[in-house]
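Since the structure comes first, as structure tokens, the remarks are kept for the end.
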Amino acid sequence: MALLEIENLRKAFRTPDGRIAPVVEVPRFCLDAGDQVALSGPSGTGKTTFLNLIAGILAADSGRITLDGHELNAMSEADRDRLRAGSIGYIFQTFNLLQGFTCLENVLLGMSFGPGADRDRARSLLERVGLGDRLDYHPRQLSTGQQQRVAVARALANRPKLVLADEPTGNLDPANAAQALALIRELCTEEGSALLLVSHDPTVLSAFPRRESLSALNQASRKGIAP
């Protein structure tokens with residue numbers, strides 16, 4: 001059974017002039033345990049919305065999302081929150097680190113929403129991403145690349161079955177972007193986590209054997225074609 005199964009997923013938003021604008025219309029999408037998939041598409045095509053639907057942050061208008069045997073649409077918001085905390089790691093484009101907390105505390109706080117804080121694992125992950133000497137630093141004391149590595153450690157802290165990465169290299173220079181991408185993929189492989197990464201960067205996309213286009217998935221839906 002696939003780790004992630006999506007069928008006839010639809011999400012639309014109301015525009016300022018009152019129109020209903022479809023953003024996500026995906027007839028079918030599957031991801032197996034341990035898979036690593038890159039999802040492409042220019043800005044404004046709904047990539048972040050798609051990830052947020054999978055994470056249960058947004059509720060779909062219609063369709064079905066099944067993650068590890070749990071159908072998100074049939075769950076309460078609280079149950080979706082618990083599933084996300086235990087089964088999903090999310091690397092945000094802007095990292096979303098808490099500025100008032102240290103690197104170690106940021107990872108520990110992420111763990112507290114899942115099975116519980118594990119200081120030894122948090123330290124080990126930060127050492128693994130090259131920040132063993134920055135445990136007590138605050139985000140503002142780190143470079144952009146270092147902040148991104150804290151976000152990666154936090155996303156993997158609860159041993160998620162699925163990692164969602166939203167343009168994780170978008171704020172990095174080419175050298176740091178290549179290092180960050182390699183690190184994300186290596187850690188997901190080591191932890192046995194599937195990875196769904198969205199990007200519009202051809203260099204990032206070319207690193208993945210399996211690449212999907214959200215625009216193509218949406219277009220297939222509008223044409224009534226199963227991809």
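What follows draws every value from the coordinates through simple rules; no lab data is involved. None of the values given here were measured: they were computed from a predicted structure. Cβ sites come from the backbone with ideal geometry, for glycine too, and all protein chains shown count toward neighbours.
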Full-extension gain in nm, S206 to A2, via 0.36 nm per residue minus C-alpha separation: 71.0 nm
Projected label distance in nm at T189 and A216, using a 7 Å step from Cα toward the beta-carbon: 2.4
Rounded tilt (10° steps) of 214-223 against the dominant C-alpha axis of the chain: 10
The chain: most fluctuating residue of P174, P42, P16 per GNM, C-alpha cutoff 10 Å: P16
Prolate/oblate/rounded label for the stretch 49-123 (Cα gyration tensor, a/c 1.5): prolate
Only Lys, Arg (+1) and Asp, Glu (-1) charged, at Cβ; the stretch 4-201 dipole about Cα centre in debye: 260
Proximal charge balance of L197 [Cβ under 12 Å; K/R count +1, D/E count -1]: -1
Percent RCO, i.e. relative contact order, over the stretch 113-214, from Cα pairs under 8 Å lying at least 6 residues apart: 25
Linear extension gain, T144 paired with C30, 0.36 nm per residue minus alpha-carbon span: 37.8 nm
Relative contact order %, the chain, counting alpha carbon pairs below 8 Å whose residues are six or more apart: 29
Calculated [θ] (222 nm, deg cm²/dmol) that DSSP helices of n ≥ 4 give over the chain, each run adding -39,500 (n - 2.57): -11000 deg cm²/dmol
Computed label-point distance, nm, for sites D120 and F13 using a 7 Å Cα→Cβ extension: 4.5
